[in-house]
Every structure is written in structure tokens, then in C-alpha cells.
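Encoded as C-alpha cells, the structure appears first; notes follow it.
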Amino acid sequence: MLLVNRVKTWNPAHQARYEAGEAVAVSVYSHVFNSNPALDNAGMLVLDDAHAAEGHVASPWSLAISRKTEESAYLDSRAEQALPSQWLPLLKTTPIKG
């Protein structure tokens, strides 16, 4: 079942067949990986456009700390304890650009 574009435009019969486990859905990452997924009970799902996945999959579970604007948090010794030891020299010696 092709379940792409706006959820409101989906064929209700197609969605019902997918949800009943009678059909495989072909959809996009944004319908699965977000705070209110349109497809939250995937048993078998084919996702279209693997190159578009990074933002939808990684960003909700990522934390970015800017060395330029949050240097104290960036260099916090507690954070250093959680990092692999080979990364520590890079944190302390990499020049801040900009």
C-alpha cells in the first residue's frame, strides 16, 4: 500500500489493510520517525528514499553542544568521562573557528 504525501490524502482502505497486517506499506521516514507517527505499529514497512533518513532518524535523539557558544559545557569534565579516550585530545587542541 502506498502511504506517502499528507496522511489526510491516504486511501483509508489501504491504510486499514496495512494496519490489519494484510499488506505491506511503502512510505517515507517522516511518517514513522517523529513525535506523532502516522505509522506507529509497523510490522513490515518499506521506506522510500534512504538518503532522506538521517534527519528524521538522528535529530530527535541527538544533542549538539557548540564549542564556540557553550565552551564550558563542551569541555565539561563529566562529559569527557563519557567519551572514548582517543577523542579527548581533539577536544582540547582543536582550534575554534569563527
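Residue-by-condition table, conditions (1) modelled with pLDDT of 70 or more; (2) in a loop (DSSP other than H, G, I, E, B); (3) surrounded by 10 or more Cβ atoms within 10 Å (Cβ to Cβ); (4) over 24 Å from the mean Cα position of the chain (by Cα):
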residue: Q15; (1), (2), (3), (4): yes, no, yes, no
residue: N34; (1), (2), (3), (4): yes, yes, yes, no
residue: P37; (1), (2), (3), (4): yes, yes, yes, no
residue: Q81; (1), (2), (3), (4): no, no, no, yes
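Look through segment 17-31, keep the residues that are of a type in the set (D, E, K, R) and assigned to a helix (DSSP H, G or I), and return whichever of them is farthest from G43 (Cα to Cα).
Looking at residues that are of a type in the set (D, E, K, R) and assigned to a helix (DSSP H, G or I), I get R17.
The values are calculated or read from the model by the stated rules, or taken from the named source; none is laboratory data. A quick note: this is a predicted structure, and the numbers were derived from the prediction, not measured. Neighbour counts run over all protein chains shown; Cβ positions are idealised from the backbone, glycine included.
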